[in-house]
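The structure appears below as structure tokens.
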Amino acid sequence: MKFTPTKLPGAFVIELEPNEDSRGFFARTFCAREFEDHGLAGTFVQCSVSLNRKQGTLRGMHYQRPPATEAKLVRCTAGALYDVIVDLRPGSATFHQHVGVELTARNRRALYVPAMCAHGLQTLEDDTEVFYQISAYHAPEAATGVRYNDPRFGIQWPVPVTLVSERDANWPLLG
């Protein structure tokens, strides 16, 4: 696997290093040792999937507060999406900054989201499926979010937002 750091400390784009032959290819998508060598969570306790029927669907910006913070490894398994992380770590040099990465079933990239960073995505194609590996169990009492269109973050979503949940549309503005 190839780990490419983003401008947010601890956030990485992870690319496969496929071994190809006449059958196709084989590649590792996760190795606890390699993740730990990069200072990342080496254990994921929960996996989830979301299917998004329409292009422009927006999910986020979600995170869990202490003591139930969670890191995520996000991968697009069908379709395409624009994945965004917002740094909400107090004292971080990149506090309130964001990074966005295109993840597709074709490029097979994953995005590692550090704990205390809000995560959201927008689908770029109909029928986009997203696979999440999560380092902590879901804790409803710690689940929260920030508004996807908060001017403080200045996120430029690539296509018009066509669908967003009432909850996600009503997270608080920090700006």
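Scoring residue 73 on the criteria (1) on the phi > 0 side of the Ramachandran plot; (2) in a strand (DSSP E or B) leaves a single failure, condition (1).
Taking segment 36-64, which residues are part of a loop (DSSP other than H, G, I, E, B) and surrounded by 14 or more Cβ atoms within 10 Å (Cβ to Cβ)? Lay out the reasoning, then the answer.
Within segment 36-64, the subset part of a loop (DSSP other than H, G, I, E, B) is 38-45, 53-56.
Correct list: 38, 40, 41, 42, 44, 55, 56.
When residue 174 is tested against (1) of a type in the set (A, V, I, L, M, F, W, C); (2) in a loop (DSSP other than H, G, I, E, B); (3) within 23 Å of residue 42 (Cβ to Cβ), only condition (3) is not met.
Could you go through segment 160-172 and let me know if any residue there is modelled with pLDDT of 95 or more and closer than 21 Å to residue 8 by Cα. No, segment 160-172 contains no residue that is modelled with pLDDT of 95 or more and closer than 21 Å to residue 8 by Cα.
What about residue 73, is it surrounded by fewer than 16 Cβ atoms within 10 Å (Cβ to Cβ), out of contact with any His (no Cβ under 7 Å at 6 or more places or on another chain), closer than 20 Å to residue 109 by Cβ and at pLDDT 95 or above? Against the criterion (surrounded by fewer than 16 Cβ atoms within 10 Å (Cβ to Cβ), out of contact with any His (no Cβ under 7 Å at 6 or more places or on another chain), closer than 20 Å to residue 109 by Cβ and at pLDDT 95 or above), residue 73 does not qualify.
Each row is one residue, and each column tells you yes or no for (1) closer than 21 Å to residue 6 by Cβ; (2) modelled with pLDDT of 95 or more; (3) assigned to a loop (DSSP other than H, G, I, E, B); (4) of a type in the set (A, V, I, L, M, F, W, C).
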{"position": "77", "(1), (2), (3), (4)": "no, yes, no, no"}
{"position": "91", "(1), (2), (3), (4)": "yes, yes, yes, no"}
{"position": "94", "(1), (2), (3), (4)": "yes, yes, yes, no"}
{"position": "107", "(1), (2), (3), (4)": "yes, yes, yes, no"}
{"position": "126", "(1), (2), (3), (4)": "no, yes, yes, no"}
{"position": "129", "(1), (2), (3), (4)": "no, yes, no, no"}
{"position": "144", "(1), (2), (3), (4)": "no, yes, no, no"}
{"position": "153", "(1), (2), (3), (4)": "yes, yes, yes, yes"}
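Only one of the numbered conditions (1) buried (at least 19 other Cβ atoms within 10 Å of the Cβ); (2) more than 16 Å from the chain's Cα centre (by Cα) is not met by residue 68, and that is (1). Picking from residues in segment 137-173 that are over 14 Å from residue 62 (Cα atoms) and aliphatic (A, V, I, L, M), the one that is surrounded by the most Cβ atoms within 10 Å (Cβ to Cβ) is 155.
Residues in segment 100-131 that are of a type in the set (Gly, Ala, Ser), farther than 18 Å from residue 158 by Cα and buried (at least 20 other Cβ atoms within 10 Å of the Cβ): 110, 118.
Criterion first (crowded, with 21+ Cβ neighbours inside 10 Å, more than 13 Å from the chain's Cα centre (by Cα) and not aliphatic (A, V, I, L, M)) does residue 97 satisfy it? Explain how you work it out, then say what you get.
Values: crowded, with 21+ Cβ neighbours inside 10 Å: no; more than 13 Å from the chain's Cα centre (by Cα): yes; not aliphatic (A, V, I, L, M): yes.
Criteria not met by residue 97.
When segment 8-35 is filtered for residues that are surrounded by 12 or more Cβ atoms within 10 Å (Cβ to Cβ), charged (D, E, K, R) and not in a helix (DSSP H, G or I), only 15 remains.
The values are calculated or read from the model by the stated rules, or taken from the named source; none is laboratory data. Since the structure is predicted, the reported quantities are computational estimates derived from the model, not experimental observations. Note: ideal-geometry Cβ built from the backbone for every residue, glycine included; neighbour counts use all protein chains shown.
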